[in-house]
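Values quoted throughout were computed directly from the atomic coordinates according to the rules given, and no laboratory measurement underlies them. Bear in mind that the values here come from a model prediction, so they are computed numbers and not experimental data. Because the Cβ atoms are built from the backbone with ideal geometry, glycine has one as well, and the counts that use them run over all protein chains shown.
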Amino acid sequence: MKNEQEQKSKRLPGFYIALCCCVLAIGIAGYFSERAAKKDVDTESVFTASTLSPDIARTDEDSAPTFSGAKETVPPATEAPKSEETINIEPAVEDYAVDNPDVESAAVIVSAEEPYFAMPAGGAILEGFTTSLAYNSATGDYRTHNGVDIAADEGCSVCASADGTVEEISADEMGQNITISHQNGMATKYMSLGSVEDLSVGDSVKAGDVVGTVGAPKGENTSQAHLHFEMYSANTPVDPCKYLN
């Protein structure tokens, strides 16, 4: 009996060693089987990606591919967002010129500039402008003096004070008269003329063009030969001395 127990106790260590070897062998076999399966899956993925590469859309070089059969797809290249350089387009030079407020304000200043008025005849001012009533010995009544009397010899040429258009040609107790309209609602009137040039209403004249000649003094307090010259702004008489250069 004792011998049998000693023999059994000698066989037990060998049994456990064999059992451990079997478990180890199974574990190694499972490890290599898993690696082989994973390698097959990776190979299949690479093969599939290379096969379907025409349908792959990438957002950039580092992003993962998206296949045409996937749930989420990248929009076609024609709908891709534009780059910053494409969006930030420089405005056209002509648009800037049209929409620029500096250009518009400069145009307003030029259009609002008063025309240049030159003396229509040479000489001293014999009687000035006034809106107060004063007695007129020639007519025997009280009236304002809506212009200035400029000393000039009878028959002397009278010139247009600025560029303009003939608005009216008339005659009264003072002699012949001609009115010329200018830009910005300004107008000049040349009175006490002995004659008027061959002009008609609507004719254009330039500054310095002869429009008539000085006539004999009549109808005013001033008895010396002169040109009676009036200026108007928006049909209101103004002092010519404030505008003449």
How much length is gained on full extension from residue 26 to residue 216, taking 0.36 nm per residue of separation minus their Cα-Cα distance? 54.2 nm
Put +1 on the Cβ of each Lys and Arg and -1 on the Cβ of each Asp and Glu in region 126-233; which of 147, 216, 191 then has its Cα farthest toward the positive end of the dipole? 147
Using a simple spin-label model with points 7 Å from Cα along the Cα→Cβ vector, what separation in nm is obtained for residue 124 and residue 144? 2.7
Tell me the label-point distance for the pair residue 241, residue 170, using the 7 Å Cα-to-Cβ offset, in nm and rounded to one decimal. 2.6
Region 164-205 pair-distance distribution - Cα-Cα, 5 Å bins, rounded %: 6, 25, 34, 21, 11, 3, 0
Cα-based equivalent ellipsoid, region 108-242: semi-axes from gyration tensor eigenvalues, Å: 23, 18, 13
Order by protection proxy (mean Cβ within 10 Å, highest first), peptides 199-210, 157-168: 157-168, 199-210
